[in-house]
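Reading through the structure tokens given below for one structure.
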Amino acid sequence: MHKKFAGIAAVGMAGALALGGCATQKDEPAGGASAGGSHASVKIMVGGMSKVIYLPAALTDKLGYFKDQGLDVSLIDTPAGVTAETALIADKAQGVVGFYDHTIDMQAKGKCLESVVQFANVPGEVEMVSSKDAGSITSAKDFKGKKLGVTSQGSSTDFLTQYLTGKAGIPSTGYTTVKAGADATFIASMKSGGINAGMTTDPTVAQLTKTGVGKVLLDMRTEAGTRKALGGLYPASSLYMSCDYVKQNPQTVQKLANAFVKTLKWIHTHSAQQISDKLPADYKGSDPSLYVQALNDSKRMFTDDGLMDESGAKNALNVLGSFSPAVKPKKDQIDISKTYTTEFAQKADAS
């Protein structure tokens, strides 16, 4: 099941992790949940349930793979513009389906998070330019003085926008960051001229291109496009959790990994239409065929084993270390090996 949040106050991640720790439910001894006892309950925040980049969350639920593992998982959708980390405070969730780069950002701030299943080693993000501005914006160098849309300040779309503009020689004061959200709010911002360009994902990309409101400028749904834009792979969509929770609940984390890796393999052996058929109707909007197109355009971004690409993790640190006020001064002190683990995905893949 999944719940929708509204009106969550913006609060820092440090508090979120503190409260998240209070919510930790330690694994039962061997012979507990997995041997016919009560199911382990886990709450997972999702940074946008209908976003294709976070597809494995809802799909795993609909395929019944959480229940197969003896898990009672609640997927909690965060509203547009609110980070999953902020929402953690409101419900004391145990995990986040979000972008891996936040684990690096939080280590720089003294907090330990780690990716336990890596859904994709590319962002799945697309820099869209308004069709009205397509003639004057042909590369990131043209972002100077423009209004650039991101999901919210401090989001991964904000991180990537800062990197692209910085790489083009444009300081953060050289453009205007606009909180454009996703889906309908992003589309409305582009239609009205509230943004000249912006970073978003499918199915918003498919809607913008079909209606002619926007055009693709930089496509980071593929390895080639990601390497061109960011100089290498950039691990993104993942399940990450506090390091303390992972240490204290290895059995539950393994069951989550088993379920998610099975889903990743299912994605690679089924068509976009078959995937769409498993998902709720409200994810597809008024044009289900457009949603299938969005899935078809994006589903190749997903790994089939849940494993982190080591070089990609290092590149994510290089990207953040080039501009982030939190990461840049501590770049050489960041232990990248503590931001992810492949232990659980490897075991899931082997089984």
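The values are calculated or read from the model by the stated rules, or taken from the named source; none is laboratory data. Nothing here was measured: the structure is a model prediction, and the numbers come from that model. All Cβ positions, even for glycine, are placed from backbone atoms using ideal geometry, and neighbour counts span all protein chains on display.
Pairs are defined by a Cβ separation below 6 Å, a sequence spacing of at least 6 or placement on different chains, a first member in region 170-198 that is under 12 Å from Leu148 (Cα atoms), and a second member that is of a type in the set (Gly, Ala, Ser) and part of a loop (DSSP other than H, G, I, E, B); the pairs so defined are Lys179/Gly81; Lys179/Ser152; Gly181/Ala80; Gly181/Gly81; Phe186/Ala180; Ser189/Ala180; Ile195/Ala180; Gly198/Ala180.
Test of understanding: among Leu307, Leu317, Leu290, which residue is within 21 Å of the chain's Cα centre (by Cα), of a type outside the set (Phe, Trp, Tyr) and either in a helix (DSSP H, G or I) or in the same structural domain as Thr204 (by TED's automatic domain parsing) (or both)?
It is Leu317.
Residues in region 206-229 that are farther than 20 Å from Gly135 by Cβ, touching a strand residue (DSSP E or B) at 6+ places or on another chain (Cβ under 7 Å) and assigned to a helix (DSSP H, G or I): Gly225, Thr226, Ala229. Looking only at region 37-71, count every residue that is polar (S, T, N, Q) and either at positive phi or surrounded by 19 or more Cβ atoms within 10 Å (Cβ to Cβ) (or both) and tell me the total. The total comes to 3.
Select from region 115-154 the residues that are surrounded by 24 or more Cβ atoms within 10 Å (Cβ to Cβ) and modelled with pLDDT under 95 and list them in ascending order. Within region 115-154, just Thr151 meets the criteria.
Among the residues of region 196-216, those that are farther than 15 Å from Thr185 by Cβ and of a type outside the set (A, V, I, L, M) comprise Asn196, Asp202, Thr209, Lys210, Thr211, Gly212, Lys215. Could you list all residues from region 297-351 that are farther than 25 Å from Thr263 by Cα and of a type in the set (Val, Ile, Thr)? Matches in region 297-351: Val319, Val327, Ile334, Ile336.
Does region 158-187 hold any residues that are over 19 Å from Ser324 (Cα atoms), of a type outside the set (Phe, Trp, Tyr) and crowded, with 20+ Cβ neighbours inside 10 Å, and which are they?
The answer is Ala180, Gly181, Ala182, Ile187.
The selection criterion, being surrounded by fewer than 20 Cβ atoms within 10 Å (Cβ to Cβ), farther than 27 Å from Glu310 by Cβ, assigned by TED's automatic domain parsing to the domain that holds Tyr291 and at pLDDT below 95, holds for Ser34. The residue of region 241-278 that is farthest from the chain's Cα centre (by Cα), among those that are of a type in the set (Ser, Thr, Tyr), surrounded by 23 or more Cβ atoms within 10 Å (Cβ to Cβ) and modelled with pLDDT of 95 or more, is Thr252. Quick one: is Met190 crowded, with 20+ Cβ neighbours inside 10 Å, in a helix (DSSP H, G or I) and touching a Cys at 6+ places or on another chain (Cβ under 8 Å)? Spelling it out, it is not the case that Met190 is crowded, with 20+ Cβ neighbours inside 10 Å, in a helix (DSSP H, G or I) and touching a Cys at 6+ places or on another chain (Cβ under 8 Å).
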